[in-house]
């Protein structure tokens, strides 16, 4: 089985796939200095539907993590905002003539979310187990509406993601 | 100084002010049963601008908490999605002829966010101190764009929020 070494998630490495939603160097100070606003961090791209907020509650996984399924959403970007400080695994793949290229994997730091651009191949939501039993809870900002907004692709051979 | 006893945050009590964004009784099962999608939990209402995702990093406060300032946003709803499991304080007030009525205060449970409806009077973001030094980090879904989207009101007398 092919191994993928998970990399730390950085905006530079993730740029082809989406936005890393994290605190930056130049926030706006609001509320008399009591709060920093890191402004407008995601390129939302919702086609022919509404933008909405949902919660995803996913089963935490462990590394090494095996998978063969990726998916993408032709009609909208999809942002994952962790509601805990536990890290999660972000699997993505470039597109090559309509099917995914070999995937990459990133591991988040506490306080990082991601926004997958519309049509980015990505793995299903994979929070990682933490010793204190933190749930795999995320706020998701994506497209609400009818239409064929899910395309799945199953690789013939599974991949195994291992820790860097 | 007038005291306000913080109440547990429930959708019923919060209904005049906005949405409680929390897991519900009837999620959609996705990802082969590994994830529950609690679908479309907030009534976003963005006027004449774009919907965006920002991060707010606020100084955690302690109870009892004194305040005399509330604000509202005439051009858009504003959702606060905590990126930690620490509770936060939600202060709101009904409108009475253009100024806020006496405020109410709610205390969240882990995994609860809120979406203030457009034009709801509310206090500034007030995460609460936790023993392990958790930061006051939130993802915020609100209006991105120019325009007069902030109205502030300062009560003549401060209020003091105390624990229920």
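Here, each number is a calculation from the coordinates, and none is a lab measurement. Computed from a prediction, not measured in an experiment: that's the story for all the values here. Ideal geometry is used to build each Cβ from the backbone, glycine not excepted, and the neighbour counts take in all protein chains shown.
Order of A:12-20, A:151-159 by packing, highest average Cβ count within 10 Å first?
Details: A:12-20: 16.7, A:151-159: 12.1.
Per-residue Cβ counts within 10 Å, averaged per peptide and sorted highest first, yield A:12-20, A:151-159.
Note the distances from residue B:64 to each other copy's matching label point, with points 7 Å along the Cα-to-beta-carbon direction, in nm, sorted shortest first.
For residue B:64, the inter-copy label distances come out at 6.0 nm.
Can you give the translational diffusion coefficient of region A:1-83 in µm²/s, computed by Stokes-Einstein from the Kirkwood radius over Cα pairs at 10 °C and 1.306 mPa s? Spell out each step's value before the answer.
On the way: Rh = 16.4 Å.
D = 97 µm²/s.
Within 10 Å of each Cβ in A:108-117, how many Cβ atoms from other chains are there, averaged over the peptide? Don't skip to the end; give the middle numbers.
Details: counts 0, 0, 5, 7, 2, 5, 0, 1, 0, 0.
Shielding by partners across A:108-117 averages 2.
Could you state, as a whole-number percent, how many of the C-alpha pairs of the protein assembly as shown are farther apart than 37 Å?
Details: 9459 of 53628 pairs.
For the protein assembly as shown, the share of Cα pairs beyond 37 Å comes to 18 percent.
Placing a label point 7 Å from Cα toward Cβ, how far apart in nm is residue A:28 from its equivalents in the other copies, listed shortest first to one decimal?
3.3
Report the rotationally averaged projected area of region B:120-164 based on its alpha-carbon convex hull, in square nanometres. Mind showing how you got there, number by number?
Details: hull surface 22.1 nm².
Computed as one quarter of the Cα hull surface, the answer is 5.5 nm².
How many nanometers, to one decimal and shortest first, lie between the label point of residue B:40 and those of its other copies, if labels sit 7 Å from Cα toward Cβ?
2.8
Cα extents of region B:2-162 along the three principal axes, largest first, in whole Å?
For region B:2-162, the Cα spread along each principal axis is 56, 42, 28 Å.
In whole Å, largest first, what are the principal axis extents of the Cα atoms in region B:74-164?
41, 33, 17
Can you give the mean number of other chain Cβ atoms that lie within 10 Å of the Cβ atoms in peptide A:25-35? Please list the in-between numbers first.
Working: counts 0, 0, 4, 2, 0, 6, 9, 2, 1, 8, 10.
Mean shielding count: 4.
Using mean Cβ contacts within 10 Å as the protection proxy, how do B:1-10, A:30-39 order, highest first? Each step should come with its number before you reach the end.
Numbers: B:1-10: 14.1, A:30-39: 16.2.
In decreasing order of mean packing, B:1-10, A:30-39 become A:30-39, B:1-10.
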